[in-house]
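A.B. asks: Before I ask anything, let me first share the structure, which is written out below as structure tokens.
The values are calculated or read from the model by the stated rules, or taken from the named source; none is laboratory data. Here the structure is a predicted model, which is why all the values come from computation and not from measurement. Quick reminder, even Gly has a Cβ in these numbers, built from the backbone with ideal geometry, and neighbours come from all protein chains shown. Heads up: the accessible areas ignore ligands, DNA and RNA and are worked out on the full protein's heavy atoms, side chains in. Shrake-Rupley method; radii C 1.70, N 1.55, O 1.52, S 1.80 Å.
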Amino acid sequence: MAKDKTIYTCNECGGISPKWLGKCPHCNAWNTLIESVAHSESAVKNRFASLAKTAEIAVLSDIEASDVDRTPTGHEELDRVLGGGMVEGGVVLIGGDPGIGKSTLLLQALDSLQRSGKSTLYVTGEESGAQVALRSRRLGLDHSQVRVLAEIQLEKILATLDTHRPDVAVIDSIQTVYSEQLTSAPGSVAQVRECAAHLTRAAKASGTAIVLVGHVTKEGALAGPRVLEHMVDTVLYFEGDTHSQFRLVRAIKNRFGAVNEIGVFAMTEKGLKGVSNPSAIFLSQHSEPVPGSCVMVTLEGTRPLLVEIQALVDSGGPSPRRLSVGLDKDRLAMLLAVLHRHAGVACMDQDVFINAVGGVRIGEPAADLAVMLSITSSLRGKPLPKGFIAFGEVGLAGEVRPAPRGQERLKEAAKLGFSVAVVPKANAPKKPIEGMTIHAVDRVEEAMEVVRGLL
Ligand code: TYD
Ligand code: MG
């Protein structure tokens, strides 16, 4: 039988070239050719022939729809983002910056799974067995029965998985694994993709739940998590500032549960501990209100979180800067234009910086109103009143659109002692909320009018 050989596939158009070229000969895109394995013609023929023989069609209603069995990891916050626990044969990708706590969390999870009677395997390519052992002692996991394999060669990892058939295996990290079949270096897009594909196949075939750890590289669009998202069942990302104690784990994709669910952890001396009531951790503690700060209630997943949005508006040079941390930069530009056109607040010659406190990332447009109000407050140099919150999406026409589940957001804010709220009209509660004055607005101008009265 002819041997499989190496070819180069274009990332853009899918065209094939027998050798590496800087420019794709088919679509002329630069630097898009990626090493891959071409299966020999006879192998392909055989594969298709066998598929044709075995393919069987079933009527959808005849197929038994069984709910997936989940194995809780014993860490409530992790189970929450996983949709209840690990799923047999499921593949989870967990991404995040180096040093944020991926290895720590997974070692803790494997240990509790092992203690609950599951067989586990921790494949470490980044650290030696001794380093993993050192971490487990630090975590207080004495007499841990988690099995450790220090290996980076894919073929050996696959063979071990096949022999030992663990219930749950962690590959830490996918960027260190390499396959003999490809000549490119470990960590390259080709290697990462090929290795993840093999491991995914192995998970489905054996029923082992596999967790792949992926580092987010500097560019963000990495030879790592991003290129694998479509292959796996669940994608989790770590968020948070490595300097602060809190870490968020967010589900970006989940075939077995809800997306956008978040788990909140605190990094302690003994590893990551779940934070079961996280709503107030993203507020910086000012004793008195300061200009340029507005609290919003974000609701991603099932729990409302109060997050402080900070703005600094300062006179800039000829081309003023717009910078945002944790919020969408393009949206900031749009909100500044709306603020100018519809509320007469001009920041054209000013540098504008905005930040979501605590390293949390806010994707939902319900942050718009708080961003606008914090900018106005900073520009005017006057603080918003004590106990003030705002949320709501803002449109280009200056309208304020409702945020989903507004009542829940308001109730959470009231519970934490917030007393004044500016919210979209459609989110105004039918019954008053005790201890809270609510200003329901339809347009940006009205929101500005309210704070003018309050400032
Ligand atoms: P780690 O899990 O190694 O990060 P990753 O695998 O995502 O690269 O976490 C490393 C950081 O966590 C390191 O800065 C030390 C800190 N840490 C603690 O604060 N407490 C602990 O108990 C442990 C094990 C680590
Ligand atoms: Mg690590």
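A.B. asks: About the Cα centre of the chain, how large is the charge dipole given +1 on each Lys and Arg Cβ and -1 on each Asp and Glu Cβ? Please answer in debye to the nearest 20. It would help to have the intermediate numbers written out before the result.
C.D. replies: On the way: 49 positive and 51 negative charges, 29 e Å.
Rounded to the nearest 20 debye, it is 140 debye.
A.B. asks: Taking all protein chains as present, what is the carbon and sulfur share of the accessible area of the chain, in % to the nearest whole number, probe 1.4 Å?
C.D. replies: On the way: 11660 of 21900 Å².
Taking all protein chains in place, the chain shows 53 percent carbon and sulfur surface.
A.B. asks: Moving on to the next point. Give the lysines whose C-alpha is closer than 21 Å to that of residue 329, dropping any in the same chain fewer than 8 places away, or say none.
C.D. replies: By straight Cα distance, residue 329 reaches 218.
A.B. asks: Go ahead and run the numbers for FRET between residue 396 and residue 67, Cβ-Cβ distance against an R0 of 35 Å, rounding to 0.05.
C.D. replies: 0.20
A.B. asks: Using the structure shown, list the pairs from 270/415; 118/273; 411/431; 382/415 with a Cα-Cα distance above 19 Å, or answer none.
C.D. replies: On the way: 270/415 31 Å; 118/273 22 Å; 411/431 12 Å; 382/415 26 Å.
270/415; 118/273; 382/415, as the Cα separations exceed 19 Å there.
A.B. asks: Which distance in nm do the two modelled labels at residue 29 and residue 386 give, with both placed 7 Å along the Cα-to-Cβ direction?
C.D. replies: Each label point lies 7 Å from its Cα, and together they span 5.7 nm.
A.B. asks: By residue number, which cysteines of the chain lack any other Cys whose Cβ falls under 4.7 Å from their Cβ?
C.D. replies: Result for the chain is 195, 294, 347, no neighbouring Cys Cβ within the cutoff.
A.B. asks: Could I ask something else about it? So how tilted is helix 444-454 from the main axis of the chain? Cα-based, degrees 0 to 90, rounded to 10.
C.D. replies: Taking Cα atoms only, the helix is inclined about 60 degrees.
A.B. asks: If the cut-off is 12 Å between C-alpha atoms, which aspartates and glutamates fall inside it for residue 23, apart from same-chain ones fewer than 8 positions away?
C.D. replies: Filter leaves 12.
A.B. asks: Still on this structure, I have one more. If each DSSP helix of 4+ residues adds -39,500 (n - 2.57) and the sum is divided by the residues in the chain, what number results at 222 nm, nearest 500 deg cm²/dmol? Before the final figure, lay out the partial values.
C.D. replies: On the way: 11 runs with 127 residues, N = 455.
Calculated at 222 nm, the ellipticity per residue is -8500 deg cm²/dmol.
A.B. asks: May I pose another question? Could you tell me which of 353, 84, 140 has its Cα farthest along the dipole of the chain towards the positive end, charges placed at Cβ (Lys, Arg +1; Asp, Glu -1), taken about the Cα centre?
C.D. replies: Farthest along the dipole direction, towards plus: 353.
A.B. asks: Once R0 is set to 60 Å, what does the formula 1/(1 + (r/R0)^6) return for the Cβ-Cβ distance between residue 430 and residue 155, expressed as a FRET efficiency to the nearest 0.05?
C.D. replies: Values: r = 64 Å, r/R0 = 1.06.
Efficiency at R0 = 60 Å is approximately 0.40.
A.B. asks: Are there GluC sites (Glu not before Pro) in region 121-214 that DSSP marks as loop and that have at most 13 other Cβ atoms within 10 Å, and which are they?
C.D. replies: Numbers: sites: 126, 127, 151, 155, 180, 194; in loops: 126, 127, 151, 180.
Hits after loop and neighbour filter: 180.
A.B. asks: Compute the normalised compactness of the chain: alpha-carbon radius of gyration over 2.2 N^0.38 Å, N being the residue count. It would help to have the intermediate numbers written out before the result.
C.D. replies: On the way: Rg = 25.8 Å, N = 455, 2.2 N^0.38 = 22.5 Å.
Relative to the 2.2 N^0.38 Å estimate, the chain comes out at 1.15.
A.B. asks: Quick check: net charge around residue 390, other residues with Cβ under 11 Å of its Cβ, Lys/Arg +1 and Asp/Glu -1? All intermediate terms of the calculation are to be shown ahead of the outcome.
C.D. replies: Working: positive: 409; negative: 368.
Here the charged neighbours net out to 0.
A.B. asks: Can you give the relative contact order of the chain as a percent, counting alpha carbon pairs under 8 Å and 6+ residues apart?
C.D. replies: Working: 967 pairs, mean separation 51.2, N = 455.
Reported relative contact order: 11 percent.
A.B. asks: Let me ask something else about it. Tell me the label-point distance for the pair residue 230, residue 319, using the 7 Å Cα-to-Cβ offset, in nm and rounded to one decimal.
C.D. replies: About 3.5 nm, to one decimal.
A.B. asks: State to the nearest 20 debye the size of the charge dipole of region 265-335 about its Cα centre, where the only charges are +1 on K and R beta carbons and -1 on D and E beta carbons. Mind dumping the intermediate values first?
C.D. replies: Numbers: 7 positive and 7 negative charges, 39 e Å.
It works out to roughly 180 debye.
A.B. asks: So, by mean Cβ neighbours within 10 angstrom, what's the order for 270-277, 110-117 with the highest one leading?
C.D. replies: On the way: 270-277: 15.4, 110-117: 18.6.
Averaged packing, sorted descending, gives the order 110-117, 270-277.
A.B. asks: With r as the distance between the Cβ atoms of residue 185 and residue 346 and R0 = 56 Å, compute the FRET efficiency 1/(1 + (r/R0)^6) and round to 0.05.
C.D. replies: On the way: r = 52 Å, r/R0 = 0.92.
Once rounded, the FRET efficiency stands at 0.60.
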